[in-house]
Amino acid sequence: MRVPPNLPDLARRGFDALNSGNLEALFALVADDVVAVVPSPFANAGVYRGLDGFRLMTDQWLEAWGEFHAEPLEFIEAGDAVVVPVRQTGTGRGSGVRVARELVYLFRARDGLMVEWRLCEDVPEGLAHARGERS
């Protein structure tokens, strides 16, 4: 399978919406049957199903941050997915501590909407998920 032609653009629009704080624009890019996966040991680990689950995951993550930004570093097309190394920066809402970390997001889409979002530790893990080598 090949990456849908609009998937990198869809991912970019998602980052733009998230980083501008326009969560409704972000949610408009997400399919009703989306599946989002945050594996252990990450905060808020779990499998979030449907648009309501995706909203819950996003809200839970962002409530910890007074300021948050996710900068995509590259868009790697892999089969029917896009693997995106991301530099996340933020300031803790309660602590005021500034944090920076590089992680990887995996995206899949159908009919112009995101149907899968997965948080990965690094690019090799993201590529393995894109190839279906991990569940």
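Each value in this text was obtained by applying a stated rule to the coordinates, not by laboratory testing. Predicted model only: the values in this text are computed from it and were never measured. Neighbour counts run over all protein chains shown; Cβ positions are idealised from the backbone, glycine included.
Key figures for this structure:
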{"quantity": "Inter-centroid distance (Cα atoms) of the range 64-89 relative to the range 10-42, Å", "calculated": "11"}
{"quantity": "Cut-off 13 Å between beta-carbons: net charge of the residues surrounding TYR105, Lys and Arg +1, Asp and Glu -1", "calculated": "-2"}
{"quantity": "Neighbourhood net charge (12 Å Cβ-Cβ; Lys/Arg +1, Asp/Glu -1) for PRO85", "calculated": "-4"}
{"quantity": "Long-range amide H partners of ASN44 with built H, under 5 Å", "calculated": "none"}
{"quantity": "Local electrostatic count, ALA45, Cβ distance below 14 Å [Lys/Arg +1, Asp/Glu -1]", "calculated": "0"}
{"quantity": "Sequence-distant residues sharing a close amide H with VAL86 (under 5 Å, placed H)", "calculated": "LEU73, LEU103, VAL104, TYR105"}
